[in-house]
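Asker: My questions will all concern the structure given below.
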Amino acid sequence: MVRGLLCVALLFVTVTARAETWPEKDWAMGTPLNGPAVDALDAYAFPPRDDTSREGIRTDALLVIRDGEIIYERYAAPTTASTPHLTWSVSKSLMATVLGVAYGENRFKLSDPVARFYPPMKQHPKVTMADLLHWASGLDWQEDYEYAPLKSSVVAMLYTRGRGDMAEFAASTDAAAAPGQAFRYSSGDSNILSAALKGMLGHKAYMSYPWDALFKPLGIRNATWETDADETFVASSYAYLTARDLARVGLLMARGGRWGEQQLLPEEWVAFNRQPFAKYKSGQDEAVPGGQWWLNTGASRPWPDAPANTFAALGHWGQALFVIPDEHLVIVRYGDDRDGSYRHNELLKRVLAAVRS
């Protein structure tokens, strides 16, 4: 009898522990958030909008997943649940995730010279895959956009003289520092990673690899990833996913690279993504770099109202995929915030208040 009661008790503990829900064709719907804290979240994320102006916060999509279930979802026209949205630099973290599958297939090591896979990097023979993943190639790169377009390496790469072969343009940049010694955020580093993946796989396999390796296993059915004229995926900028599909990538990372019964990413790869780059100096960027992901760590956390183990994929004009392991949350936010008034920390503070209320 005692043994029977013990078994029932253990079963009760197991059942009442957080259930592990996985999305199939569609996400499961959890208990929707409600109450004054949700009203405050709505007021911040979706203020009245004047589509003739570029001023103020403009959220296109906000999705909150808890324990694998949708608990909050809102869109602003013309974006809907089925609209693939430009992710901008969230694409960098997507490429890091695709590379994680290749890493698990033993196609490369972090210590491998990039030139092994991408010959134009022979002029920088000491740059490793880990260096690129840390945005620490040492290449002399200017990641400026609207504020200094004539001096911007990334504007030249995406829109003018580098647009035909973006990785080659980045690889032709002079060195400014020794590899691995300094963080310097660079869309060029990310596009060289994309070209290195093509070198590992061969052109034919490469063209379907993000879908074969990542999107299809996660059930992502409507992704677009633009290439340059050399048919290299623009890993820095040009992946388009719905909010619900991007959340699948967040859930994969939240659960240590596992999707259902399949360990899609090696656990050590996810750990590498979430390990702060040792040579990063506080205040160099909005958040602390990991392996092409952003971390909420260090003495002055970039998102002080979120737990320290929060990590994210971030993009221009307010695109964001947040993973908050302590709260079992995945958050996707798409927007078009050109005046700089939107703040990630304020959004996270309000989401957490709504979840905890």
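Asker: Where the Cα atoms of the chain are projected onto their three principal axes, how long is each span, largest first, in whole Å?
Answerer: 72, 56, 40
Asker: Beta carbons within 10 angstrom, averaged per residue: use that to sort the peptides 274-282, 326-334, highest first.
Answerer: My ranking of the peptides, most packed first, is 326-334, 274-282.
Asker: Counting DSSP beta bridges with both partners in the chain, what percentage is antiparallel, nearest 5?
Answerer: Approximately 95 percent, going by the DSSP bridge assignments.
Asker: Now, a different point. Determine the dipole magnitude for region 154-227: charges of +1 sit on the beta-carbon of Lys and Arg, -1 on that of Asp and Glu, nothing else is charged, the reference point is the Cα centre, and the result goes in debye to the nearest 20. Each step should come with its number before you reach the end.
Answerer: Details: 7 positive and 6 negative charges, 45 e Å.
Roughly 220 debye, rounded to the nearest 20.
Asker: For the chain, what is the charge dipole size about the Cα centre, in debye to the nearest 20, if Lys and Arg each add +1 at the Cβ and Asp and Glu each add -1 at the Cβ?
Answerer: Computed charge dipole of the chain: roughly 720 debye.
Asker: Please state the shape class of region 145-289: rounded when a/c is under 1.5, otherwise prolate if a/b exceeds b/c and oblate if not, all from the C-alpha gyration tensor.
Answerer: oblate
Asker: Given Gln263, Trp22, Pro307, which one lies farthest toward the positive end of the charge dipole of the chain, if we put +1 on the Cβ of every Lys and Arg and -1 on the Cβ of every Asp and Glu?
Answerer: Final value for the positive-end residue is Gln263.
Asker: Restrict the search to region 132-196; then list the trypsin sites (Lys or Arg not before Pro) that DSSP places in a loop and that have at most 12 other Cβ atoms within 10 Å of their Cβ.
Answerer: Taking region 132-196 and a limit of 12 other Cβ atoms within 10 Å, the loop trypsin sites (Lys or Arg not before Pro) found are Arg161.
Asker: Among the aspartates and glutamates, which fall within straight-line cross-link reach of Lys122, defined as a Cα-Cα distance under 17 Å, with same-chain neighbours fewer than 8 residues apart omitted?
Answerer: Asp112, Asp131, Asp140, Asp165, Glu168, Asp174, Asp189
Asker: Sticking with this structure for a sec: Pick from Ala178, Ala167, Ala136 the residue whose mean-square fluctuation is largest in a GNM of the chain, springs joining Cα atoms under 10 Å.
Answerer: Ala178
Asker: Which shape class, rounded, prolate or oblate, goes with region 232-357 when its Cα gyration tensor gives a ≥ b ≥ c as root eigenvalues, a/c under 1.5 marks rounded, and past that a/b bigger than b/c marks prolate?
Answerer: In terms of gyration-tensor shape, rounded.
Asker: Just going by the charge dipole of region 69-128, with Lys and Arg at +1 and Asp and Glu at -1 on Cβ, which of Pro119, Tyr72, Trp88 is farthest out on the positive end?
Answerer: The residue sitting most towards the positive pole is Pro119.
Asker: Please get the size of the charge dipole for region 97-190, origin at its Cα centre, with Cβ charges of +1 on Lys and Arg and -1 on Asp and Glu, quoted in debye to the nearest 20.
Answerer: It comes to approximately 240 debye.
Asker: To continue, here is another question. Please report, as a whole percent, how much of the solvent-accessible surface of the chain comes from carbon and sulfur atoms (probe radius 1.4 Å).
Answerer: Taking all protein chains in place, the chain shows 53 percent carbon and sulfur surface.
Asker: Distance between the C-alpha centers of region 305-357 and region 62-96? Whole Å please.
Answerer: One Cα centre to the other: 12 Å.
Asker: Related question: For region 122-210, with every protein chain kept in place, what is the accessible area per residue (1.4 Å probe, Å²)? Don't skip to the answer; put the middle values down first.
Answerer: On the way: 3800 Å² over 89 residues.
Accessible surface, normalised per residue, equals 43 Å².
Asker: Two decimals is fine: what's Rg over Rh for region 185-262, C-alpha atoms, Kirkwood radius as Rh?
Answerer: Radius of gyration over Kirkwood radius for region 185-262 works out to 0.98.
The values are calculated or read from the model by the stated rules, or taken from the named source; none is laboratory data. Given the structure is predicted, the values throughout are model-derived calculations rather than measurements. Backbone-built Cβ (ideal geometry, glycine too); neighbour counts: all protein chains shown. Each accessible area value is taken on the protein alone, full model and side chains, heavy atoms only, with ligands, DNA and RNA left out. Shrake-Rupley method; radii C 1.70, N 1.55, O 1.52, S 1.80 Å.
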